[in-house]
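First up is the structure itself, then whatever we jot down about it.
Please treat every number below as a calculation from the coordinates, not as lab data. Please read all numbers here as calculations on a predicted model, not as lab measurements. In this analysis, Cβ positions are derived from the backbone assuming ideal geometry, glycine residues included, and neighbour counts consider all displayed protein chains.
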Amino acid sequence: MLECLASNWLPLLVIIVVVAIVFTYFIKRKGLGQVEIDAIVWAERMYGTEKGKGKMQKAIDYMQQIIPVLNFV
């Protein structure tokens, strides 16, 4: 995996730059405060459904497998 990235780093760099430019454009167009509010509302809507709760539980279970200290939290 790392060998592939070491030899083909330019496409990855281009993708990162394009994502950063698009992200900056949306923030400048709407304003940082509105982007934050939209993200919070989207997350609340997404994880308020049964499908979202299932995904969140799978993510929590996965993190607890990776980092055993989280079982105590």
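How much net charge surrounds D61 when only the other residues with a Cβ under 13 Å from the Cβ of D61 are counted, with Lys and Arg +1 and Asp and Glu -1? Intermediate results must be reported in sequence, preceding the final value.
Values: positive: K53, K55, K58; negative: none.
Summing Lys/Arg as +1 and Asp/Glu as -1 gives +3.
What is the spin-label model distance, in nm, from Y62 to W42 if the labels are put 7 Å beyond Cα along the C-beta direction?
1.9
Inverting the mean 1/r over all pairs of different Cα atoms, compute the Kirkwood radius of the stretch 11-72 and quote it in Å. Before the final figure, lay out the partial values.
Details: mean 1/r = 0.0693 Å⁻¹.
For the stretch 11-72, the Kirkwood estimate is 14.4 Å.
Only sites in a loop by DSSP and with at most 14 other Cβ atoms within 10 Å count here; which chymotrypsin sites (Phe, Trp or Tyr not before Pro) in the stretch 10-73 make the cut?
Answer by residue number: there is no such site.
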